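The structure appears right after this line, and notes come after that.
The numbers here are math on the coordinates, done by the rules we state, and not lab data. Everything numeric here is computed off the predicted structure, so don't read it as measured data. Counting neighbours? That spans all protein chains shown, and the Cβs are built from the backbone with ideal geometry, glycine included.
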Amino acid sequence: MRLALRRSTRDGRLRPGHWFVATAAAIALTATGCGSEGQPSGGGPESGPLVIDGETIADEELLAAARAEGVIALYTVMPEQQAITIGKQFTADTGVEVQVTSAPGTELATRIKTEADAGNLAGDVFLTSAPRDMVGWKDAGYLAPVEVPGFAEAALNPDAVDPEFHYYPYNIYVYLPAFNAAVVPDPDAIKDWDDIIDPQFTGKVGITPAGVGGSGIAQAAFQTEVLGEAWLQKLAAVKPVIFNASSEVAQNLAQGNVSTAIIFEPTAFQFIADGAPIVLLYPEVGVLAGDTYQAVAANAPHPNAARLWQLWSLSKHGQSVLTGTGTRSVRKDAGPLQFPGVDDIETNPVIWPANLTARFDTQAELVAHWNEVVLGQ
Amino acid sequence: MTTIRTSDVVGLRPAVWRGAGLRKSMFTGVVFALLGILILAPIIALLWSALHADDTGAWTLDNFKELASASAREALWNSLWVTGLATIGTIIVGGGLAWLVERTDVPLKGFVRVAGVVPMFLSALVGTLAWSLLGAPNSGYLNAVLKALHIPFTINVHSWYGIVGVLVLYYSPFAFLIIQAAFAVSGGDMENAARISGASSFQTTMKISFPLVAPSMVGAAILGFVIMSSNFPVTSILGAFAHMEFVPNFMFVALNKTPSQPGVAAAIGVVVLSLTWLAIWAENRYVLRKSYVTVSGKGARPSLVRLGPWKWVGLGFAIMYICAAAVLPVLALTIAAFRRGLYYADLGDLLDPAKFTTDGFARMWAYDQFHLGLRNTVVLAILTATIGTIVTFAAAYVAHRRRVRGHQLIPYLALAPVAVPGLILGLAFLSFWLRVPVIAIYGTIWILVFAYVCQLFPFGYESMSGTLVKLDNELEDGAVLSGASRLRAIWSITLPVIKAALGAAFLLLFVLTFREFTVALFLYNPQTKPLSIVIYGQWIGGSISLVAAMSLVFTAVLVVVTIINRVVVRNKD
């Protein structure tokens, strides 16, 4: 190659042939670089099983096989930054990289179905707040069973575990009322769910719609059944600003573009730690709490790395990493809820558990009713 | 004098040309096959999706019935009037700047020309993000300035007029380029005659100059309307506060709701496509049937309109435009990239040096998705530009040499993607390639490359056509007569002659691919995510300093490639 190039450029002029050779070389180089899988970046024991703080998470064989695969692709409803933070700890513990695709639940469900139908599923592990999607994926054969030893005994809600181990609860998500103390006229007057939809905040209330994944359905259930029909109508009357992602709600509350909001707890912690004057409310009537569910793909491109992720993330250690990012654990024995830069976190609020698995038959009606009352559709 | 045509000589050598004819047929066949796969098939697949039930696959019109819903009607209506207003705005801004450059004595003409083009290379996504930082009613930097100056006025880009304004800022360059080119080739005879007959500069401008470039203005309006009507980031980022539904968002939600409704998304796509094609038909029927011929053998340069003191207003208009479309947005992104924290109390707090840090860039550098996105975008741009240049050259060659039956069809096919909004094109590719499991390119970078090549085909084709039409056949035919095969003659004679044009087309396609966002929305996967998608994802996630840092890098790459492009184009000219 070197000879040919030297000969052909002897006159110092670039001809189409040279241009195409150069471009072909660039394509070859760049195309091979594109989508290449991450190499193990170190971390964890050099050999032997994966044992952290005395807890055996995976045997030697699985750890070695996962490292050979080098990477997992995580499809998650969790905010990307948080998933990356957790993924980094996984990489440090195991040497396996984590590629995160974060999206609202419905968008993720569409992506998974589209890729599966095309026979080209790129995700290894799925995390969703919609148990109905999980059941559908299990029935469609998209999921692989992975038994996580000791998890059911440690789980706050063992019933949420699939009896055939296709999916597990992974974390508890919390949605609660909040306001921006710098833009509301009287911060002390805002204490409850009713206060955030006071008419003075018309056009200044940020929410996510009922149609966005399991958490959206859970919010519709909570608002309809706990806060009541009159509350829903008051919400509609203040013409809330609808955002497709909970992070957008938090961002706009932090910037003061909306004054009050129904906010996703870990995202709120992130902005509070950044100095945003967001105040979180934990009313006596309770805040909404629901389970997310996690599963390994049946035809996962990296099956061993995916199994390792499932075992690691549901272990006591993995769940303590989770609580360290401001997200509530599904285990009884995980470490305390904390977020760097946020003090006085309410560790034991009154919660209203959204039992979505008992609402499979009514969730479409719930969403339709919410859309009709709040959005007028 | 006896003229011997190449074809006459060719006729004397049937043995040679039989073999060449076979190769020619194969070459032409490949060109038509590529045009079919890249352009026709996805559109047919879109129509198929719209006419079939998502669950049973049976023929149905139910997907179109869904379009009677209140939200679908609202989306169509909003897209129509908001994009319509924005289109008028782009014609006024782009056409106005083009007129200043070509027909007036405005000072610093070179600067005005650059001002008309530069925003095209900033990307509407980055521009929208920047304007959200500048013009949000509470947190906007400009509003902090207004408050500090005690000016009781609030800028609000989170509104219908904010959406129109941002669209006008970032799509006026398309109108500018088209209308400027029309002014440039339009002879000045009629304008000069009007002046001699006593018409004022204003009368000449309004009654002669602009009417003469009317076809280009209509063409620019249609092109602008098509591109803007499918713009997802502008309406998605700014539309929530305005409580407005738009077609791209409606399609996105239809595709991503549970259960997903790809048929409904395809149906609204078919409706938009039909409206677009109707507009193009109307343009051909009613606008282009008149004669606008002004370039004749005795063509004269038009005398420039002397603006007097108004020339400073013209220059001020260009300065304001480039400030609003490029300078202020880059400034806002720079502040956001270097500032710690999203919240600020007032202008002093916003500009407090203690709050400035390079953390945003450090986070960007440590952010894997940034590297993945940048690498993917560069790969996509190289592949699209390379394949696009080759395929558009082949198509333009077959069309212009006119040696094969059906060559008249090529321009129609090649320019058809202009009428397909980007979001609909992405959906069309999804519909098509999911039905072709034999060639499983869904989930790979190739589906993005093919979609980009299709979307940008008209740009590459026009660039190649413009060059080939000026190139005489004699050199290439001479080589064939001397015994070279046609492909060898193209390789050794034609391509070296037009290498600068090839380079210019390559760089144009590179830049346009680099800034693309909407087409990729349905087609990327975790490994093939382009940088524009990564930036949008982080905006949704609320990491503003990271978004700003990535946007600055994104813009810097575009600026560098654009400068290279300008140099190459100058060489080409």
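Bridging of B:K65 to aspartates and glutamates at a Cα separation below 19 Å is possible for B:D54, B:D55, B:E74, B:E245, once same-chain residues fewer than 8 apart are set aside. Here the contact order of chain B, divided by its residue count and restricted to Cα pairs under 8 Å and six or more residues apart, works out to 21 percent.
Only Cα sites of the protein assembly as shown enter the Debye sum here, all with the same form factor; the resulting log10 I(q)/I(0) across q = 0.07 1/Å is -0.63, listed in q order.
Peptides B:55-66, B:135-146 ranked from most to least packed by the mean count of surrounding Cβ atoms within 10 Å: B:135-146, B:55-66. With a 10 Å cut-off around each Cβ of A:250-259, the average count of Cβ atoms from other chains is 6.
Between A:V285 and A:N348, the simple spin-label model (points 7 angstrom out along Cα→Cβ) gives 2.4 nm. Helix A:16-33 versus the longest principal axis of chain A: what is the Cα-based angle in degrees, 0 to 90, to the nearest 10? Helix A:16-33 and the main axis of chain A meet at about 50 degrees. Return the FRET efficiency for the residue pair B:A556, A:Q338: r is the Cβ-Cβ distance, R0 is 51 Å, and the value is rounded to the nearest 0.05. Approximately 0.85, to the nearest 0.05. Taking the C-alpha atoms only, the angle from helix A:60-69 to the longest principal axis of chain A is near 70 degrees.
Peptides A:249-257, B:268-276, B:171-179, ordered by how many other C-beta atoms sit within 10 Å of their residues on average, highest first, read A:249-257, B:171-179, B:268-276. Seen against the Cα atoms of chain A and their longest principal axis, helix A:80-94 is set at about 50 degrees.
Ranked for footprinting exposure by Cβ neighbours inside 10 Å, fewest first, A:Y282, B:Y367, B:Y442 give A:Y282, B:Y367, B:Y442. Spacing of the modelled spin labels on B:D472 and A:A273, each 7 Å from Cα toward Cβ, amounts to 7.2 nm. Taking label points 7 Å from Cα along the Cα-to-Cβ direction, B:D346 and A:E225 give a separation of 4.9 nm. Candidate membrane-span-like segments in chain B, meaning DSSP H helices with Cα atoms spread over at least 27 Å of their own axis and a Kyte-Doolittle mean of -0.5 or above, are B:14-35, B:70-103, B:160-185, B:262-282, B:368-401, B:445-468, B:544-572, with no membrane implied. Subtracting the Cα-Cα distance of B:K65 and B:F153 from 0.36 nm times their residue separation leaves 27.2 nm of extension gain. Extension gain, A:Q377-A:E60: 0.36 nm per intervening residue step, less the Cα-Cα distance, totals 108.6 nm. With a Förster radius of 22 Å applied to the C-beta separation of B:V497 and B:V567, the computed FRET efficiency comes to 0.70.
From the cross-link list A:K191/A:K332; A:K113/B:K257; B:K109/B:K207; A:K191/A:K239; B:K109/B:K311, which pairs have alpha carbons spaced over 18 Å apart? Table pairs above 18 Å Cα-Cα are A:K191/A:K332; B:K109/B:K207; A:K191/A:K239. In this calculation the C-beta distance from B:A33 to B:S274 is compared with R0 = 30 Å, giving a FRET efficiency of 0.70.
Shielding by partners for peptide B:530-543, expressed as the average number of C-beta atoms from other protein chains within 10 Å of each residue's C-beta, is 5. Across peptide A:199-208, the mean count of Cβ atoms from other chains lying within 10 Å of each residue's own Cβ comes to 1.
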